[in-house]
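Heads up: the structure comes next, in C-alpha cells.
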Amino acid sequence: MRAADFIVESLKAHGVKRVYCVPGESYLALLDALHESAIQVVICRHEGSAGFMAVAEAKMTGIPGVVLVSRGPGATNVAIAVHMAEQDAVPLIVIVGQVGRDEKYRFVFQEMDYGAVFGSFSKGVFELSDATRLPEMLPRAFRLASEGVPGPVILPVPEDMLRDDVPNPQLLTYPLPQVTTAPTIIEQLREMLLHAERPLLIAGSRLRGAKGAEALARFAAAQRVPVAVTWKSQDVFDNASELYAGHLDMGTVKPLREELAKADLIIAAGTRLGDFATIGFTLPQAPQPKQTLVHIYPDSHPIGRVIRADIGIVAEPSDVLSALAQNARVAPASRERWISSVHAACAAGQTYASRNPTDGVDFGDVTVALAKLAPANAVITTDAGNMTTWAHRHWKMTPKNLLIGGVVGAMGNGVPAAVAASLVDPSRMAICFVGDGGVLMNGNELATAKAFGATPKIVISDNGIYGTIRTHQERHYPHRVSGTDLVNPDFTAWARLFGAEAFTLKLDDNIEAVVSAFLAAPGMAVLHVHASAWSLSAGGTLPA
Ligand SMILES: Cc1ncc(C[n+]2csc(CCOP(=O)(O)OP(=O)(O)O)c2C)c(N)n1
C-alpha cells in the first residue's frame with residue numbers, strides 16, 4: 001500500500017472523521033489519498049485556525065484532532081495551536097510536510113528541523129522517514145497524544161516517503177494503559193470525607209464529557225461537597241446548584257476566595273493545578289497547602305509538581321468519584337453550614353447589575369441575554385479577552401453545555417473553534433464570544449464556515465480597544481494609553497461580505513429583541529455589539 005494511503009487508513013482506524021488543513025505542495029500524495037476517503041477534509045484559511053479547529057474537535061470528541069500543514073511557513077503558522085494543545089492538555093496530531101530525504105540538511109526551500117522547532121512544546125516529534133515503520137509509528141503517535149497528560153505530537157512526512165510502499169500494511173491501534181485505584185485508598189478517602197467539616201472539590205477539564213460530569217454530580221450530591229471548577233471548565237458542573245462553589249481564575253472575587261480558603265480538605269480531581277486554576281497558586285497554596293490535599297489525575301507528572309499533595313492518586317478522576325458516590329456516609333451536621341456559606345459567597349459573585357454606560361452597550365447585558373435565550377445545550381467558544389469575563393461569572397452553564405475556551409489564553413481561537421463545533425455537531429448551536437482584537441486574527445474562517453455549511457453564531461464585542469491589555473495598562477501606567485487603541489472596520493458589513501446574516505446592537509437598542517433575532521437566524525450569523533469601553537469587564541469599569 002502507498003504510504004500516503006496507509007496514513008489515511010490509519011487515521012480512520014483511530015476514529016478520525018475530519019482533518020483540518022491548508023494545503024502544501026509538500027504533502028500532495030496525502031491529499032491525493034484523501035481524495036476518495038470517508039474522512040472530511042476541511043480546507044481552512046490559516047494554519048493557526050486549522051489547528052484551533054482540530055483542538056476544538058478533540059475537546060468535543062475526546063479523539064485526537066488532526067491538522068495537516070505545509071512545511072516551513074505552514075508549520076510555523078500552526079505553532080499557536082500546538083502551544084494551546086500542550087497548555088490545555090488536548091490530544092493533537094500535526095502532520096507536517098517535509099522536504100524530500102535526498103535534499104535533507106542542504107537548507108533547501110522551507111526546510112526546517114521540526115524536532116528543534118516543536119521540541120520544547122510538544123510531547124514528541126517523530127519524523128516518518130521510513131514507510132516500512134508506519135504501522136508501528138502511527139499508533140505510537142496516537143498513544144502518545146492521548147496517554148497521561150494529553151498533548152500535541154508532530155509528524156513530519158518527507159514528501160518522497162509518502163509515495164513509498166508499505167510492505168506490511170498492518171492497521172494497528174494501541175490500547176491505552178489502564179489506571180486504577182486500590183479499594184483501600186477509596187476507603188481512606190471515605191473516612192477523610194466523613195471527618196472533614198469543610199471539604200472542597202476542585203474539578204478540572206479531565207471531567208469534561210458525560211462520564212466525568214455524571215460522576216462529579218453524583219459524588220457531590222452523595223458526599224455533600226461543594227464543587228469549584230477550574231479556569232475554562234465551567235461546563236463540568238451545574239453552575240446553578242447549591243453545591244456550586246464558583247469558577248477559579250485570576251478574577252475570582254475576594255469574598256469567595258476568602259470563603260474557599262477556609263476549606264479543611266481539598267480534593268483536586270482532573271486538574272493539573274496550574275496557576276489560573278489555583279488563583280495564582282494560592283488555593284491550594286504552593287508549595288505547601290494549608291489544607292489536606294488529595295490530588296487525582298491519570299498521570300503522576302502534575303501530582304505534587306508545584307503543590308505538595310498529602311495523597312496523590314494516579315487514576316481516572318471519574319472512576320474515583322463514582323466509587324466515592326457509593327456507600328457515602330452521612331456528613332457531619334456542620335457540613336450544611338459550610339455548604340450554605342460557600343453558596344452565599346458564590347451566589348453574590350454571580351449577581352448581575354447593569355452599569356448603564358453611556359458610551360456603548362454594556363457587554364454584560366448582552367451576555368446575560370444570551371445566557372437567558374440560548375438553547376440549554378449550546379456550545380460556547382471563547383476567544384481571549386475581557387469579553388469572556390461576563391460569561392464566566394454570569395452564564396450559569398451546566399454539563400449540557402460545552403465550553404471550548406483555552407487555558408492558554410490565545411487570541412484567535414473563538415471563531416475557528418465555533419466553526420469546528422458546528423461541523424462536529426450541527427444539531428447544537430455554537431456561540432462564540434470574541435473581541436474586536438481577536439476577531440480580525442482568525443475571523444476569516446467565516447469563509448470556511450460558509451464553504452462547509454457550518455452555522456456558528458459569532459458575538460463581537462467592538463469596544464475599540466485591546467481591552468484586557470488596557471485593563472493592565474490603566475492599573476500600572478494610568479492615563480498613559482499606548483498600543484491598546486483600535487480603529488475598526490464596520491463589522492456588520494464585514495460579516496455580510498462572508499455571507500453571514502449580520503445584526504447590530506447599539507446603545508439604547510432593545511438587547512433581548514436583537515439577541516432573540518440573532519439566535520433565531522437559521523444559518524451563520526454575526527452579532528456586532530457596539531460595546532462600551534468604559535464598562536471594561538465583569539470585574540470593573542475603566543476608571544475604577
Ligand atoms: C495571540 C495573542 N496575542 C496577544 C495576546 C495578548 N492579549 C490578551 S487579551 C488581548 C486583548 C484582546 O482584545 P479584544 O479582542 O479586543 O478583547 P477585549 O479584551 O477588549 O474584550 C491581548 C492583546 C494574546 N493573549 N494572544
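The values are calculated or read from the model by the stated rules, or taken from the named source; none is laboratory data. Keep in mind it's a predicted model, so treat the numbers as computed, not measured. Because the Cβ atoms are built from the backbone with ideal geometry, glycine has one as well, and the counts that use them run over all protein chains shown. Ligands, DNA and RNA are excluded from the accessible area calculation, which covers all protein heavy atoms including side chains. Shrake-Rupley method; radii C 1.70, N 1.55, O 1.52, S 1.80 Å.
Report the residue count in region 471-493 for those that are in contact (Cβ under 8 Å) with a residue 24 or more places away in the chain and β-branched (Val, Ile, Thr). Total meeting the criteria: 2. If you go through region 421-456 and pick out every residue that is open to solvent by 40 Å² or more (accessible area, probe 1.4 Å), closer than 25 Å to Asp365 by Cα and among the charged types (D, E, K, R), you end up with 1. Exactly one residue among Glu197, Glu259, Glu187 is open to solvent by 50 Å² or more (accessible area, probe 1.4 Å), closer than 23 Å to Thr292 by Cβ and part of a helix (DSSP H, G or I), and that residue is Glu187. When residues of region 436-453 are filtered for being touching a Leu at 6+ places or on another chain (Cβ under 7 Å) and either without any contact (Cβ under 8 Å) to a residue 12 or more places away in the chain or not in a helix (DSSP H, G or I) (or both), how many remain? Number of matching residues: 2.
With respect to Ala277, is the statement that it is in a loop (DSSP other than H, G, I, E, B) and not aromatic (Phe, Trp, Tyr) true? Even if it seems obvious, please write down each step before you answer.
Working: in a loop (DSSP other than H, G, I, E, B): yes; not aromatic (Phe, Trp, Tyr): yes.
Spelling it out, Ala277 is indeed in a loop (DSSP other than H, G, I, E, B) and not aromatic (Phe, Trp, Tyr).
Residues of region 290-302 that are crowded, with 22+ Cβ neighbours inside 10 Å and over 19 Å from Leu144 (Cα atoms): Leu293, Val294, His295, Ile296.
Those residues that are outside any helix (DSSP H, G or I) and surrounded by 23 or more Cβ atoms within 10 Å (Cβ to Cβ), I need them from region 211-224; list them, please.
Of region 211-224, the ones outside any helix (DSSP H, G or I) are 224.
Once the filter is applied, which keeps residues that are outside any helix (DSSP H, G or I) and surrounded by 23 or more Cβ atoms within 10 Å (Cβ to Cβ), region 211-224 yields nothing.
The condition of being of a type outside the set (A, V, I, L, M), touching a Ser or Thr at 6+ places or on another chain (Cβ under 7 Å) and either surrounded by fewer than 24 Cβ atoms within 10 Å (Cβ to Cβ) or closer than 21 Å to Ser122 by Cα (or both) holds for Arg45. When the test is whether a residue is among the hydrophobic types (A, V, I, L, M, F, W, C) and either surrounded by fewer than 21 Cβ atoms within 10 Å (Cβ to Cβ) or farther than 20 Å from Tyr27 by Cβ (or both), Val99 does not pass it.
Selection of region 381-414 for residues being more than 18 Å from Asn463 (Cα to Cα) and within 11 Å of the ligand (Cβ to nearest atom) yields Gly406, Val408, Gly409, Ala410, Asn413.
Among the residues making up region 335-379, those that are among the β-branched types (Val, Ile, Thr), modelled with pLDDT of 95 or more and either touching an Asp or Glu at 6+ places or on another chain (Cβ under 8 Å) or surrounded by fewer than 20 Cβ atoms within 10 Å (Cβ to Cβ) (or both) are Ile339, Val342, Thr358, Val361, Val379. Every condition in (1) hydrophobic (A, V, I, L, M, F, W, C); (2) open to solvent by 30 Å² or more (accessible area, probe 1.4 Å); (3) within 27 Å of Arg272 (Cβ to Cβ); (4) part of a loop (DSSP other than H, G, I, E, B) is met by Ile80 except one, and the failing one is (4).
Taking residues in region 167-190 that are closer than 30 Å to Ile7 by Cα and in contact (Cβ under 8 Å) with a residue 40 or more places away in the chain, and partners anywhere that are in a loop (DSSP other than H, G, I, E, B) and open to solvent by 50 Å² or more (accessible area, probe 1.4 Å), the pairs with Cβ atoms closer than 8 Å and at least 6 places apart or on different chains are Pro169/Met1. Exactly one residue out of Arg470, Arg480 is surrounded by fewer than 24 Cβ atoms within 10 Å (Cβ to Cβ) and within 11 Å of the ligand (Cβ to nearest atom): that is Arg470. Among the conditions (1) open to solvent by less than 30 Å² (accessible area, probe 1.4 Å); (2) over 28 Å from Arg2 (Cα atoms), the only one that Phe142 does not satisfy is (2).
On the stretch given as region 225-251, residues that are farther than 12 Å from His343 by Cβ, touching a residue at least 40 places away in the same chain (Cβ under 8 Å), of a type outside the set (Phe, Trp, Tyr) and part of a loop (DSSP other than H, G, I, E, B) total 6.
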